[in-house]
């Protein structure tokens with residue numbers, strides 16, 4: 001008799017991270033994916049989420065659904081960012097518990113750490129200082145998600161885990177000219193400058209701040225790895241009230257280095273100018289990934305390779321980003 005397939009629900013499967021997790025799981029045998037679009041399942045509605053879990057007999061959950069955005073969106077809509085993210089987390093984690101789901105992976109963000117956290121940021125830095133004010137509502141929601149998982153583990157013996165990724169990029173990223181993150185924004189700017197023959201591209205700031213970047217396919221691989229690590233092994237590297245795990249490369253580059261690499265990948269041959277009248281932001285944001293390495297996982301896609309993969313995808317889908 002054939003073994004029963006594991007029914008896996010990926011919440012947020014249309015987003016950049018969720019879609020990468022789906023691709024990762026599709027390559028593995030014995031998995032039956034359970035996917036619902038926003039129109040099919042409103043994750044903000046507690047009754048709908050509980051009815052879904054009661055009916056679908058889910059074995060494992062990847063909680064990648066979230067309301068996300070850049071600094072402008074976070075500053076403009078702080079109430080939506082804290083409310084929607086809290087509701088999504090509470091509804092899914094509680095409904096999974098009620099339905100007897102023992103395995104769940106919650107995806108957070110590196111913004112959970114204090115604004116002035118020592119670099120590289122270790123998991124133990126959580127709740128040791130003030131958050132960055134511009135995205136504090138979002139960060140508070142993500143911290144609550146970690147603590148939800150830990151609380152259900154403590155009280156009910158669940159295996160609910162959390163991973164905190166560094167800056168992500170790759171396929172299905174947001175390339176909007178006004179509200180995208182640094183890599184897609186820079187990629188689009190260099191691409192359009194190349195097409196227009198623009199003699200120079202202006203990059204905000206001095207170019208000196210350092211940032212860490214992880215390709216979303218590596219993030220998906222790490223997520224599936226962490227979700228399926230043996231429980232005893234997982235607990236040997238985490239603590240009861242400090243159970244989240246950082247995911248990143250453990251190395252960073254300057255914004256200037258990123259810009260020059262981007263120009264090379266895109267094929268832009270003009271000048272790169274840094275507008276030093278514009279703010280730099282935090283000098284450095286780097287994740288300590290020792291816990292993940294000790295568990296047995298490390299990244300495989302180097303930045304230039306990942307940027308080339310992303311640019312190839314962008315070129316194939318650029319009609320979607322016009323306007």
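Summary of computed values
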read-out	value
Residue 241, sole failed condition from (1) at pLDDT 95 or above; (2) over 21 Å from the mean Cα position of the chain (by Cα)	(1)
Failed item, numbered, when residue 143 is tested on (1) in contact with a helix residue (DSSP H, G or I) (Cβ under 7 Å, 6 or more places away or on another chain); (2) assigned to a helix (DSSP H, G or I); (3) modelled with pLDDT under 95	(3)
Leading residue by the ranking (nearest to the chain's Cα centre (by Cα)) among those in the range 265-323 that are exposed (fewer than 12 other Cβ atoms within 10 Å of the Cβ) and on the phi > 0 side of the Ramachandran plot	296
Residue count for the range 152-194, restricted to those that are assigned to a helix (DSSP H, G or I) and either free of Cβ contacts under 8 Å to residues at least 12 places away in the same chain or more than 26 Å from residue 231 (Cβ to Cβ) (or both)	14
The range 67-108, residues that are buried (at least 21 other Cβ atoms within 10 Å of the Cβ) and over 22 Å from residue 8 (Cα atoms)	74, 81
Residue among 225, 213, 314, 321 that is modelled with pLDDT under 95 and under 25 Å from residue 18 (Cβ atoms)	321
Flag if residue 65 is touching a helix residue (DSSP H, G or I) at 6+ places or on another chain (Cβ under 6 Å), in a helix (DSSP H, G or I) and at pLDDT 95 or above	no
Qualifying residue in the range 195-206 (condition: within 18 Å of the chain's Cα centre (by Cα) and not in a loop (DSSP other than H, G, I, E, B))	no
Selected residue [modelled with pLDDT of 95 or more and either assigned to a strand (DSSP E or B) or within 23 Å of residue 223 (Cα to Cα) (or both)] from 54, 79, 95, 47	95
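Yes/no matrix, rows are residues, columns are (1) over 30 Å from residue 122 (Cα atoms); (2) touching a strand residue (DSSP E or B) at 6+ places or on another chain (Cβ under 6 Å); (3) at pLDDT 95 or above:
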residue	(1), (2), (3)
229	no, no, yes
250	no, no, yes
253	no, no, yes
258	no, no, yes
277	yes, no, no
280	no, no, no
284	no, yes, no
296	no, no, yes
302	no, no, yes
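The values are calculated or read from the model by the stated rules, or taken from the named source; none is laboratory data. Just so it is clear, the structure is predicted and the values come from calculations on it, not from any experiment. Reconstructed Cβ throughout: ideal geometry from the backbone, glycine too, with neighbour counts over all protein chains shown.
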